[in-house]
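The structure appears below as structure tokens.
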Amino acid sequence: MAGLHAKPRERHPALRSFGLAIGVSSLAVAATTTYAIAPIIVAAQPLIGNGRPAVIRKNVQPAIDVLPAFVRVRSIGVTSPLVQLGLELDGSLEVPVDFATAGWYSGGPVPGANGPSVIAGHIDSYTGPAIFSKLSQITPDDIIDVTRTDGLRVTFSVERIDQYPKAYFPTDLVYGPTDTPELRLITCGGVFNKNTGSYQDNVVVYARLVEGAHVPRRSEG
């Protein structure tokens, strides 16, 4: 049986750790594969000391009748429906239950609205590669398409890809408000720690809108 576990709350606790607690019945399965178990970890707010992240600041509440439905990244062969992701009790981002499916953070803007839309997915699973296994292979100018439930396809162009130790995740940079529509794709990366059942880093793809919906800036009227 596998489940998520978090580090305890402290006055200055560390980041939330998305680890898979592997029961005895699962050890044999894990031992037969060369793939690591790769849950995602994303800080909710800037670190204070070695402190617990606070709740992610919500930028734009999504319209109830418009949601992202699918994401496609042709350059790495990704096509996935999108599930909605909320927050855990400690304010950190949930992860998709299905390793083959990506998820959109529903507390942020819908792709195409001003602000950073965040889509997260696993890098691998008990049995092999997961939906974002090739995320680190994305290069600048690669195209990411998100299809919404209103039928609109919004297209983003990759600007850069960065990798951060989870202990120093740049929450403001990833989740902080922006004046234009942007997109973040997030997964795990770096070295896999068998003791914690988690990768040590996060990979973040930054992309900007090039076609589709746009919420005007206040100065644009």
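At-a-glance table
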quantity	calculated
Criterion (of a type in the set (S, T, N, Q), farther than 16 Å from residue 74 by Cα, modelled with pLDDT of 95 or more and out of contact with any His (no Cβ under 6 Å at 6 or more places or on another chain)) met by exactly one of 155, 187	187
The one condition in (1) among the hydrophobic types (A, V, I, L, M, F, W, C); (2) part of a loop (DSSP other than H, G, I, E, B); (3) at pLDDT 95 or above; (4) in contact with a Leu (Cβ under 8 Å, 6 or more places away or on another chain) that residue 95 fails to fulfil	(3)
Failed item in (1) in contact with a Pro (Cβ under 8 Å, 6 or more places away or on another chain); (2) modelled with pLDDT of 95 or more; (3) surrounded by 15 or more Cβ atoms within 10 Å (Cβ to Cβ), with residue 206 passing the rest	(1)
Subset tally (residues that are among the basic types (Lys, Arg) and surrounded by 15 or more Cβ atoms within 10 Å (Cβ to Cβ)) for region 71-94	1
From the options 127, 101, residue that is among the β-branched types (Val, Ile, Thr), modelled with pLDDT of 95 or more and surrounded by fewer than 23 Cβ atoms within 10 Å (Cβ to Cβ)	101
Matching residues in region 73-94 - criterion: being closer than 18 Å to residue 136 by Cβ and of a type outside the set (Ser, Thr, Tyr)	73, 74, 76, 77, 78
Per-region count, region 111-144, residues within 24 Å of residue 210 (Cα to Cα) and out of contact with any Phe, Trp or Tyr (no Cβ under 8 Å at 6 or more places or on another chain)	14
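Residues are listed down the side, and each one gets a yes or a no for (1) in contact with a Leu (Cβ under 7 Å, 6 or more places away or on another chain); (2) not in a strand (DSSP E or B):
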residue	(1), (2)
75	no, yes
82	no, no
91	no, yes
100	no, yes
119	yes, no
127	no, yes
140	no, yes
160	no, no
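The values are calculated or read from the model by the stated rules, or taken from the named source; none is laboratory data. Since this is a predicted model, take the numbers as computed values, not measurements. Cβ coordinates were reconstructed from backbone atoms using ideal geometry, including for glycine residues, and neighbour counts include every protein chain displayed.
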